Amino acid sequence: MIITTKKLFEAAYGKYAIGAYNINNLEQTMGLFRGNLDSKAPFIIQISKGARSYTHKFMLEGLIRSADQVFSDAIFAVHLDHGDEETCYDCISSGFYSSVMIDASHENFETNIAITNRVVDTAHAKGIVVEAELGQLGGVEEHIKVSESEAKLTNPDQAAEFVNRTGVDSLACAIGTSHGAFKFSGSQGLHFEVLEEIQKRLPGFPLVMHGSSSVPQDEVARINAAGGKLKGAKGVDADQFKRAAELGVTKVNIDTDGRLVWTRVHREHFIEHPENFDLRPVGKIFMTEYAKFIAGKNEKLGSAGQLEAVRKMLAAK
Ligand code: G3H
Ligand code: 13P
Ligand code: ZN
C-alpha cells in the first residue's frame, strides 16, 4: 500500500526513523520488499532523477506497482530523491509519487525559498508532500576552520524561518554527512548539537538525514579482496540512528550501502565461478543479500517491527 511520507512520519516521530532506500532495478526492488516484510518495517522507496532515466521513467513505476501487488502486506511511500523543479512537476503530475524532494540547497536562501514555495503549492494542491533541503552536505573536513565548516551545516534559525515561509513537510539538514562511500577522512561525525537546536525551534517537525550509509568495513574489505579499490571508504555509525531519531530525524537516506552489497556479491560470485555467464544465479544471491541488508538496517533505525502499528494507525483514521 502506497501512502505519503507524512503519515509515516506521524507514526515515527521521536521514536524511530524510516529507512529511505534508493532503487534502480528489479533485483533491488525484490530485495527491498522482501527485507522490509521480513523485518516487518514500513519504508520509503526513493527514485532519483538518474534512476528515472536509467531505463525509462515508467519502468520503475511499473516494477513498484507490481511489487505492491506481489507483496500486498507492505506499507511504503514512493519519493522523488533530489529533484529539480522540472522533475518535481513531472512526478507530481504522474499521479504515482506520494512525495517529492525539491533540492535547491545550492541556491541562495531566498531563491531556495522561492523555488520550494512553488513546488509546495503545486504538490499540496494534489495531496503530495514535499521535502526540501537547507545547508550543504559534504565537504565538512577536519582541516576547515570551525566557522567555515559551520557555514556548511544547516543554520537552526534559518531552518525555522525556511519551514515557516515555505510550508514544506520535512527538511533535509546538513549535519556533517555526505553522499557516497568516502564521508569522513578522520574523526568527524554527526553534529547532534545542530539537530538539537533545530528541534528546539521546530518541535515535532520531521527532519531528514541524507548521506547516511554506514559503509561497513567488512563489506569494503570483501570488495577489496575480490579486486575492488575502495581505499579509505568510511560512513556513518549506524548505532547513532536512534539518537538522531529522538532528535526529530524521521527519514534516513541510504543508497551507497546497497551499492556495496551489489558490488561485493557480483565481484565474489564471478571470482568463485569464472565459468559462469548466467545472470540469474548471481541475481538470486543479490536479492537474498539485499533483503538481509535491508532487514539489518531497519533494526538499527528502529523501524523493524513497526509495520502493524502503522497499519492500525491508518485503519483508525
Ligand atoms: O543522493 C543521491 C543518491 O545516492 C542517488 O544517486 O543520483 O546516482 O541515483 P544517483
Ligand atoms: P548515501 O550515499 O550515504 O547512501 O546517501 C544516500 C542519499 O542521501 C540519497 O539521497
Ligand atoms: Zn541525498
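Numbers for the structure displayed
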item	result
From F96, F58, residue being away from ligand 1 (no atom under 13 Å from the Cβ), in a loop (DSSP other than H, G, I, E, B) and surrounded by fewer than 22 Cβ atoms within 10 Å (Cβ to Cβ)	F96
Breaking point among (1) of a type in the set (S, T, N, Q); (2) more than 19 Å from D84 (Cα to Cα); (3) in a loop (DSSP other than H, G, I, E, B); (4) modelled with pLDDT under 95, for S149	(3)
Residue that is farthest from E308 (Cα to Cα), among those in the range 21-68 that are of a type in the set (S, T, Y) and within 16 Å of ligand 3 (Cβ to nearest atom)	S48
Residue within the range 63-85 that is acidic (D, E), touching a residue at least 40 places away in the same chain (Cβ under 8 Å) and in a strand (DSSP E or B) present	yes
Residues being within 16 Å of ligand 1 (Cβ to nearest atom) and either buried (at least 20 other Cβ atoms within 10 Å of the Cβ) or modelled with pLDDT of 95 or more (or both) - total across the range 182-202	1
Any hit, the range 17-40, residues being in a loop (DSSP other than H, G, I, E, B), more than 30 Å from R280 (Cβ to Cβ) and touching a Leu at 6+ places or on another chain (Cβ under 9 Å)	yes
Subset of the range 212-231 [free of Cβ contacts under 8 Å to residues at least 12 places away in the same chain and outside any helix (DSSP H, G or I)]	K229, K231
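Each row is one residue, and each column tells you yes or no for (1) surrounded by fewer than 24 Cβ atoms within 10 Å (Cβ to Cβ); (2) within 13 Å of ligand 2 (Cβ to nearest atom); (3) basic (K, R).
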site: A233; (1), (2), (3): yes, yes, no
site: V236; (1), (2), (3): no, yes, no
site: D239; (1), (2), (3): yes, no, no
site: V252; (1), (2), (3): no, yes, no
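The values are calculated or read from the model by the stated rules, or taken from the named source; none is laboratory data. This structure is a prediction, so every number in the text was calculated from the model and none was measured. Don't worry about glycine lacking a Cβ; one is built from the backbone with ideal geometry, like all the others, and counts go over all protein chains shown.
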